[in-house]
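All remarks here apply to the structure that follows.
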Amino acid sequence: MKVPFSYQKTEFDCGPTSLTNALSFLFDREEIPPEMIRRIMAYCLDGFDGQGHPCRRGTSAAAMRFISSWINGYGESVHFPIKTQFLEADQVHLEADSPILSVLRQGGVAVIRVIYECGHYVLVTGLGEPDRLLVFDGYYEEGRDIEDLVREGIGIIPDQPRRANRLVPISHMNSESTGSYQLGPVPRREAILLSRTDLTFHPL
């Protein structure tokens with residue numbers, strides 16, 4: 001059974017929220033190993049804020065890279081059909097030869113760091129028309145905040161809780177600017193691609 005995506009429980013857990021939502025998109029609930037959820041939650045939220053408070057700087061690029069590697073290793077060791085790839089800097093773009101667009105066309109997903117006042121992870125689940133990305137942002141917003149997004153050209157999807165709640169123009173996200181849902185400066189960019197390797201997989 002496919003379950004609706006989750007929203008963040010704090011101001012800081014966009015990383016693990018987006019990763020677990022990626023699993024929910026690719027797999028039925030009965031297929032997802034609980035160990036994978038446990039490890040994602042354990043390895044994320046590794047950042048410290050300026051006052052030394054743990055978890056209050058979200059999840060670092062180093063942690064996301066490690067999680068991507070761990071998922072690959074776990075999948076191989078227990079024959080769980082998942083593959084990930086960590087991208088950074090100039091590897092993260094939405095031009096014609098984008099690895100992100102390629103994995104989306106093949107039914108995979110991408111957890112991407114974008115700008116949303118600060119660095120923020122969202123889940124991209126597919127391509128919409130015309131030239132837009134289906135995005136699920138786990139940071140719940142309503143009222144005036146939603147109106148501000150619409151003025152920026154971001155579409156709001158209210159009725160697809162298992163797929164997307166935003167429709168973002170590809171040209172908008174691909175920008176080096178620092179508006180909502182833009183990739184921002186190239187050196188700070190990062191993404192994890194996730195795809196299912198065996199669509200005939202059934203849990204034991």
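The values are calculated or read from the model by the stated rules, or taken from the named source; none is laboratory data. Being a predicted model, the structure only gives us computed values, none of them experimental. Heads up, the Cβs are rebuilt from the backbone with ideal geometry, glycines too, and the neighbour counts pull from every protein chain shown.
Return the pair list, or none, for Cβ contacts closer than 8 Å from residues in region 1-12 that are within 12 Å of Leu23 (Cα to Cα) to residues that are among the β-branched types (Val, Ile, Thr) and outside any loop (DSSP other than H, G, I, E, B), at least 6 apart or on different chains.
Matching pairs, first to second residue: Ser6/Thr17; Ser6/Thr20.
Suppose we filter region 85-95 for residues that are loosely packed, with under 15 Cβ neighbours inside 10 Å and over 14 Å from Leu133 (Cα atoms); how many remain?
Of the residues in that region, 2 qualify.
From the list Val103, Val186, Val168, exactly one residue is closer than 24 Å to Gln85 by Cα, in contact with a helix residue (DSSP H, G or I) (Cβ under 7 Å, 6 or more places away or on another chain) and of a type outside the set (Ser, Thr, Tyr). Which is it?
Just a single option satisfies the conditions, and that option is Val186.
Out of the residues in region 9-35 that are under 17 Å from Gly108 (Cβ atoms) and over 16 Å from the mean Cα position of the chain (by Cα), state the one that is surrounded by the most Cβ atoms within 10 Å (Cβ to Cβ).
The selected residue is Ile32.
Looking at (1) surrounded by fewer than 21 Cβ atoms within 10 Å (Cβ to Cβ); (2) in contact with a helix residue (DSSP H, G or I) (Cβ under 7 Å, 6 or more places away or on another chain), which is the only condition Glu117 fails?
For Glu117, the exception is condition (2).
Looking at region 78-89, which of its residues are among the aromatic types (Phe, Trp, Tyr) and part of a strand (DSSP E or B)?
Phe86 - this is the single residue of region 78-89 that is among the aromatic types (Phe, Trp, Tyr) and part of a strand (DSSP E or B).
Keeping to region 161-198, report how many residues are assigned to a loop (DSSP other than H, G, I, E, B), of a type in the set (Asp, Glu) and under 19 Å from Glu117 (Cβ atoms). Working first, answer last.
Filtering region 161-198 down to residues assigned to a loop (DSSP other than H, G, I, E, B) leaves 161-165, 174-181, 183-185, 189, 197-198.
Then drop every residue that is not of a type in the set (Asp, Glu), which leaves 176, 198.
From what's left, under 19 Å from Glu117 (Cβ atoms): 176.
So the count comes out to 1.
Could you say which residue among Arg196, Arg132 is among the charged types (D, E, K, R), crowded, with 17+ Cβ neighbours inside 10 Å, at pLDDT 95 or above and within 23 Å of Ser68 (Cβ to Cβ)?
Arg196
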